[in-house]
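Below: one structure, written as structure tokens.
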Amino acid sequence: MSLAARVRAEFVASWHAFLRRRTAVFFTFFFPAIIVVIFGALVQTQPTGGGLFAEPKEYYIAGYLAVVVLFTPLSRVGSTIARHREGSRFEKLATTPLSRAEWLLAHSLVNVVVIGLAALLLLALSALVTGASIPLAPATLAIVPFVALGVTLFCGLGAVIGSVADSQDGVIAASNAIALPLLFLSETFVTPDLLPPWFVPALNLSPLTYFARGVRALTYGGGDWLTNLAVLAVLAVAFFAAGTAAIPRTD
């Protein structure tokens, strides 16, 4: 089998495994929807009001997308690896031509498709429920590579977590412990001016910051999204490589 055929076979198997878990399918799309409804329609933004959600509603589109790009890959890939370890699946995969990088690539592609659909739902809900105005310009399509690279990056981190954690419960606990601080300390919902001045430079250490900055430049206010996309691409490659190396070696 060629590389493409091996990746495609694992992609199809992973895709059907995802669809069989109806609860996972439901919450993958329900979670982002409820986030938009709670923060966008119920809490609502209060421009010039000070505090949280004091920016225009378009400012928070990047934050809504960051939720699914961050949480879903961490938990799904991490749990999959933990489940494979418990069921000795990697020992079985070692008897096939599929390499660890190809396995992670296939699962990353499944997550890119799933989260891409969830992101599309989020954008539609943001426009319908909150009344946010999303620019209809060719440059807006750059959101697609931002989502794809962000998902790939956190799939790599999820692979590291899944390889280190001792169980699926440990994966969920570790994923939440990492994801929650990243979500609120990466220029998503909390603006830099609300943080202590000494902490603001630390925002650049979060990979999610570059996702949020780039998407926000495309959906609100303009700005340099190309640099953020380039940084995100480099980080995605690095985290994917780390995730590949962390996958249990059984050969």
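The values are calculated or read from the model by the stated rules, or taken from the named source; none is laboratory data. Keep in mind that what you see is a predicted model, and the values were worked out from it rather than measured. With ideal geometry, Cβ positions are generated from the backbone for all residues, glycine too; neighbour counts draw on all protein chains shown. SASA here: full protein model, heavy atoms, side chains in, ligands and nucleic acids out. Shrake-Rupley method; radii C 1.70, N 1.55, O 1.52, S 1.80 Å.
Residues are listed down the side, and each one gets a yes or a no for (1) of a type in the set (Gly, Ala, Ser); (2) closer than 28 Å to Asp166 by Cβ:
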{"position": "Leu203", "(1), (2)": "no, no"}
{"position": "Thr209", "(1), (2)": "no, no"}
{"position": "Gly214", "(1), (2)": "yes, no"}
{"position": "Ala217", "(1), (2)": "yes, no"}
{"position": "Tyr220", "(1), (2)": "no, no"}
{"position": "Trp225", "(1), (2)": "no, no"}
{"position": "Leu232", "(1), (2)": "no, no"}
{"position": "Leu235", "(1), (2)": "no, yes"}
{"position": "Phe240", "(1), (2)": "no, yes"}
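Pairs linking a residue in the stretch 1-24 that is touching a residue at least 12 places away in the same chain (Cβ under 8 Å) and of a type in the set (Val, Ile, Thr) to a residue that is surrounded by 11 or more Cβ atoms within 10 Å (Cβ to Cβ) and not in a loop (DSSP other than H, G, I, E, B), with Cβ atoms under 8 Å and 6 or more positions apart or on different chains, are Val7/Glu102; Val7/Leu105; Val7/Ala106; Val7/Leu109.
Scanning the stretch 234-251 for residues that are open to solvent by 40 Å² or more (accessible area, probe 1.4 Å) and at pLDDT below 95 gives Ala245, Arg249, Thr250, Asp251. Annotation: of all residues in the stretch 191-219 being in contact (Cβ under 8 Å) with a residue 24 or more places away in the chain and over 20 Å from Gly116 (Cα atoms), the one that is most open to solvent (accessible area, probe 1.4 Å) is Leu194.
Confirm whether Gly170 is farther than 15 Å from Leu70 by Cβ, surrounded by 21 or more Cβ atoms within 10 Å (Cβ to Cβ) and not charged (D, E, K, R). For Gly170, the condition - farther than 15 Å from Leu70 by Cβ, surrounded by 21 or more Cβ atoms within 10 Å (Cβ to Cβ) and not charged (D, E, K, R) - is not met. When Glu86, Glu102, Glu91 are checked against the criterion of being acidic (Asp, Glu), touching a residue at least 60 places away in the same chain (Cβ under 8 Å) and open to solvent by less than 40 Å² (accessible area, probe 1.4 Å), Glu102 stands alone in meeting it.
Out of the residues in the stretch 112-137 that are farther than 14 Å from Ala66 by Cα and of a type outside the set (A, V, I, L, M, F, W, C), which is least open to solvent (accessible area, probe 1.4 Å)? Among those that are farther than 14 Å from Ala66 by Cα and of a type outside the set (A, V, I, L, M, F, W, C), it is Thr130.
Elements of the type helices (runs of 4 or more DSSP H) sitting completely within the stretch 99-202 and holding at least 3 residues that are at pLDDT below 90: these cover 100-129, 168-184.
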